[in-house]
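Shown next, in structure tokens, is the structure this report addresses.
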Amino acid sequence: MDFAALMFWILATILVVAALAVVSLRNIVHSAIALFFVFVMAGGIYILLNAEFIAIVQILIYAGAVTILILFALMLTRIGGLQRTNPANRLWWIAAIISAFVGGSILYGLFNSPLAISNTSTGGAHTLPAHINNVVAIGQLLYSPTSYSYVLPFEIASVVLLVAIVGAIVIGRED
């Protein structure tokens, strides 16, 4: 087993344990902290896949912003002295049966599919030259002056997000 495979199994194990902690912990703040670990471990798996840009976005956006947003929302919401802030549902056994069925279906498809990929080489038409990583390629695709650039759609998306933020502030403002 090489180093990348060992790191994958370590990250995947921590990710699964943290994901189970998100849904099983009684305290919702502890669930949010476990969600932070899920996001960070997913970013680690992206790094192992040589997708540095997606890993950085995963850690900055999800692990940073979304988790902090959830924690602020929890802290600003009055829970009113409840000891159990993350109550269990009485129908948990139905969810366990459905989850076991879905997991069994995935394992069946993984081991019995004629389309399963046995060769995991990285060669092919979609590889980048040795001196360019995927962050550089995404930057060139977004802002390249020589070919079609995605600058205009990128800027339109930023203006739409700005309008949404201003609208949320106006709606949430107390008069």
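A short reminder: the numbers here are calculations on the coordinates, not readings from a lab. The model shown is predicted, which means the values in this text are computed figures rather than measured ones. Please note: Cβ atoms are built from the backbone with ideal geometry, for glycine as well, and neighbour counts cover all protein chains shown.
Peptides 157-164, 7-14 ranked from most to least packed by the mean count of surrounding Cβ atoms within 10 Å: 7-14, 157-164. Taking 7 Å steps out from each Cα toward its Cβ at Val16 and Phe3 produces label points 2.5 nm apart. Stretched out straight at 0.36 nm per residue, the stretch from Val170 to Ser105 would grow longer than its current Cα-Cα span by 18.6 nm. The alpha carbons of the stretch 23-71 give a radius of gyration and a Dmax of 11.5, 36 Å, in that order.
Full extension of the chain between Ser113 and Ile68 yields a length gain of 12.1 nm, computed as 0.36 nm times the residue separation minus the alpha carbon distance.
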